[in-house]
Amino acid sequence: MAEPLLEPGDRLTRDEFERRYERMPHVKKAELIEGTVYMPSPVRVKQHALPHSHLGGWLALYAAETPGVESADNSTVRLDLDNEPQPDLVLMKLNGGQARISEDDHIEGAPELVVEVVSSSRAYDLHQKKGAYRRNGICEYLAWVTGENRLIWWELHEGEYDEIAPDAHGLLKSRVFPGLWLDAAALLRGDMKSVLATLRRGLDSPEHSAFVVTTGSAR
């Protein structure tokens, strides 16, 4: 009898989820959320791949200029015994952060920032997965709802997610990663030159300089 593979809707332990996932090298993304297997549909360019690429470039620049901080793309995260998501992007502190990289090269624990690209507000990323992120202490969660042309950035406050409001200049700013500034309007219209210019101003800010002193170099 053939060994069982992953199927959407399966109820599994995390260990069994990993065993089955390893038997399916052709599958690029599968997640265990609250003990249930999710296997997303094939990725479309404008709805997912291009927004994902833009956000990845934004985070990569921040990480490159911030010693002790790393960004990762589509990495499996072992959150708890019922949750093993594969976020589109994460940003994490390497020194004294909430998560660590395990001996078998997985993220264990809650990264400080998780980013997801979703097509609709009905997506499980904004419901079941958001609940798992909140309960496990992921400090900030940024979602780009491409089908509705909007961005939502939450921060964890007293056990609940509160939406981060734009400042007087219309910019969204991370509380956990000083200098991580986002011009949401520019991102939504595809103006990456302006997005990266805004981030560069954040990287040149006094608060980012002070943060770098505390993170130290982990490279």
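The values are calculated or read from the model by the stated rules, or taken from the named source; none is laboratory data. Quick caveat: nothing in here was measured; it's all calculated off a predicted structure. A quick note on method: Cβ atoms are made from the backbone with ideal geometry, for glycine too, and the neighbour counts reach across all protein chains shown. All accessible areas refer to the heavy atoms of the entire protein, side chains included, with ligands and DNA or RNA removed. Shrake-Rupley method; radii C 1.70, N 1.55, O 1.52, S 1.80 Å.
For region 51-67, the candidate set comprises residues that are under 20 Å from Trp153 (Cα atoms) and hydroxyl-bearing (Ser, Thr, Tyr); within that set, the residue that is most open to solvent (accessible area, probe 1.4 Å) is Ser53.
Could you please find all residues in region 68-85 being open to solvent by 10 Å² or more (accessible area, probe 1.4 Å), under 15 Å from the mean Cα position of the chain (by Cα) and not hydroxyl-bearing (Ser, Thr, Tyr)? Break it down stepwise before answering.
The initial filter retains those residues of region 68-85 that are open to solvent by 10 Å² or more (accessible area, probe 1.4 Å), namely 70-76, 78-82.
From what is left, the residues that are under 15 Å from the mean Cα position of the chain (by Cα) are 70-76, 78-79.
The answer is Glu70, Ala72, Asp73, Asn74, Arg78, Leu79.
Of all residues in region 194-214, exactly one satisfies the criterion of being within 19 Å of Asn149 (Cα to Cα) and of a type outside the set (Gly, Ala, Ser), namely Val195.
Of all residues in region 5-19, those satisfying the criterion of being on the phi < 0 side of the Ramachandran plot, out of contact with any Gly (no Cβ under 7 Å at 6 or more places or on another chain) and open to solvent by 40 Å² or more (accessible area, probe 1.4 Å) are Leu5, Glu7, Pro8, Thr13, Arg14, Asp15, Arg19.
Please indicate, with yes or no, whether at least one residue in region 76-83 is touching a helix residue (DSSP H, G or I) at 6+ places or on another chain (Cβ under 9 Å), closer than 21 Å to His54 by Cα and without any contact (Cβ under 8 Å) to a residue 60 or more places away in the chain. Steps first, please.
Residues of region 76-83 that are touching a helix residue (DSSP H, G or I) at 6+ places or on another chain (Cβ under 9 Å), as a first pass: 76, 78-83.
Filter once more, so that each one left must be closer than 21 Å to His54 by Cα: 76.
Within this subset, residues satisfying the condition of being without any contact (Cβ under 8 Å) to a residue 60 or more places away in the chain are 76.
Scanning region 76-83, I find at least one residue that is touching a helix residue (DSSP H, G or I) at 6+ places or on another chain (Cβ under 9 Å), closer than 21 Å to His54 by Cα and without any contact (Cβ under 8 Å) to a residue 60 or more places away in the chain, so the answer is yes.
Right, Ala110: at pLDDT 95 or above, of a type outside the set (Ser, Thr, Tyr) and closer than 28 Å to Met39 by Cβ or not? So Ala110 fits the description; yes. The one condition from (1) surrounded by fewer than 21 Cβ atoms within 10 Å (Cβ to Cβ); (2) not in a helix (DSSP H, G or I) that Glu116 does not meet is (1). Exactly one residue out of Leu151, Leu126 is within 16 Å of Glu31 (Cβ to Cβ) and surrounded by 15 or more Cβ atoms within 10 Å (Cβ to Cβ), and it is Leu126. If I filter region 87-97 for residues that are crowded, with 16+ Cβ neighbours inside 10 Å, at pLDDT 95 or above, assigned to a strand (DSSP E or B) and touching a Gly at 6+ places or on another chain (Cβ under 7 Å), do I get at least one hit? Checked region 87-97: at least one residue is crowded, with 16+ Cβ neighbours inside 10 Å, at pLDDT 95 or above, assigned to a strand (DSSP E or B) and touching a Gly at 6+ places or on another chain (Cβ under 7 Å).
Within region 20-50, restricting attention to residues that are of a type in the set (Asp, Glu) and not in a helix (DSSP H, G or I), which residue is most open to solvent (accessible area, probe 1.4 Å)? Once the filter is applied, the top-ranked residue is Glu34.
Scanning region 1-22 for residues that are in contact with a helix residue (DSSP H, G or I) (Cβ under 7 Å, 6 or more places away or on another chain) and more than 14 Å from Glu84 (Cα to Cα) returns Pro4, Leu5.
Checking the condition surrounded by fewer than 15 Cβ atoms within 10 Å (Cβ to Cβ) and either under 16 Å from Gly57 (Cα atoms) or touching a Phe, Trp or Tyr at 6+ places or on another chain (Cβ under 6 Å) (or both), which residue from Gly179, Gly190, Gly159 passes? Don't jump to the end; show me each part of the working.
On the way: Gly179 fails: surrounded by fewer than 15 Cβ atoms within 10 Å (Cβ to Cβ); Gly159 fails: either under 16 Å from Gly57 (Cα atoms) or touching a Phe, Trp or Tyr at 6+ places or on another chain (Cβ under 6 Å) (or both).
One residue alone meets the criteria, Gly190.
Scanning region 98-107 for residues that are open to solvent by less than 50 Å² (accessible area, probe 1.4 Å) and either closer than 17 Å to Tyr38 by Cβ or part of a strand (DSSP E or B) (or both) yields a single hit, Ile107. Glu65 falls short on exactly one of the conditions (1) at pLDDT 95 or above; (2) within 17 Å of the chain's Cα centre (by Cα), and that condition is (2).
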